[in-house]
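Working notes, structure below.
The values are calculated or read from the model by the stated rules, or taken from the named source; none is laboratory data. Because the structure is predicted, anything quoted here is derived from the model rather than measured. Neighbour counts run over all protein chains shown; Cβ positions are idealised from the backbone, glycine included.
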Ligand SMILES: *[C@@H]1O[C@H](CO)[C@@H](O)[C@H](O)[C@H]1NC(C)=O
Ligand SMILES: *[C@@H]1O[C@H](CO)[C@@H](O)[C@H](O)[C@H]1NC(C)=O
């Protein structure tokens with residue numbers, strides 16, 4: 001039995017037509033769990049044709065089965081490693097071939113990082129940049145001709161971290177800022193070329209995925225918002241060709257206050273993290289090794 005979809009204020013504001021997604025050809029990355037998995041289920045309920053990808057074949061297989069039971073017209077998976085450049089092209093080629101083109105490319109995957117003081121680990125920052133940033137620009141470029149032909153959309157799942165720096169996540173913040181910068185530039189270029197492709201950049205706050213919750217536990221004092229609602233909002237943003245999404249709504253307020261009242265923003269941001277807890281766990285890890 002399909003789960004119910006909660007309508008949001010967004011549907012009303014942007015006049016979202018769910019039937020526009022029936023038969024839509026969609027590739028979602030990072031879709032074996034978390035927000036990506038929920039996006040796959042929403043697209044399935046709307047009757048889309050979906051390709052999902054992540055590293056774990058077993059998990060992908062289960063998600064594909066659920067997508068088909070929820071109403072996806074077609075659903076395929078391809079296991080791939082987003083840090084491997086040849087895998088990136090392989091995934092896009094697979095989707096183009098299986099679906100006969102693409103209407104939506106939803107880039108959502110992220111590499112694993114920890115919440116900790118910057119410790120000079122440049123190799124980790126490079127690795128994370130490869131997964132969270134360089135793979136996005138490579139896949140977007142590869143899919144662009146088909147999106148152009150189909151008047152399609154490129155959907156980038158970013159974060160409040162792409163709009164304003166926060167402590168203890170310097171490599172992550174760097175990758176998300178790079179995404180916002182790059183796809184902001186590309187949006188201008190597409191508009192200047194009168195391109196058929198829309199770009200949506202999604203600014204998300206803390207979302208209650210298993211991975212995020214396990215990382216922030218005891219360290220971060222911030223409310224977490226439901227992954228399924230975040231996923232639906234991302235899909236509607238792409239379908240209505242909006243340039244930006246702010247979810248939850250107060251992420252928009254932060255992007256304003258960081259420039260208008262920076263000292264207030266700094267005060268709140270620095271107090272959103274349990275400094276003592278983080279230092280304590282860090283010391284414990286080091287003394288155990
Ligand atoms: C990268 O992926 C290709 C297939 O797409 C594979 O042949 C190769 O072994 C992978 N490289 C690494 C380092 O995993
Ligand atoms: C947009 O799509 C139309 C056909 O749907 C095509 O004629 C046109 O060339 C496309 N624009 C670009 C920039 O490719």
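Yes/no per residue for (1) closer than 30 Å to residue 31 by Cβ; (2) modelled with pLDDT under 90:
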position	(1), (2)
219	yes, yes
233	yes, no
262	no, no
272	yes, yes
Somewhere in the stretch 33-54, is a residue out of contact with any strand residue (DSSP E or B) (no Cβ under 6 Å at 6 or more places or on another chain), modelled with pLDDT of 95 or more, surrounded by 15 or more Cβ atoms within 10 Å (Cβ to Cβ) and assigned to a loop (DSSP other than H, G, I, E, B)?
yes
Which numbered condition in (1) out of contact with any strand residue (DSSP E or B) (no Cβ under 8 Å at 6 or more places or on another chain); (2) more than 18 Å from residue 107 (Cα to Cα) is the only one that residue 177 fails?
(2)
May I ask you to list the residues in the stretch 149-184 that are touching a helix residue (DSSP H, G or I) at 6+ places or on another chain (Cβ under 6 Å) and within 16 Å of ligand 2 (Cβ to nearest atom)?
153, 154
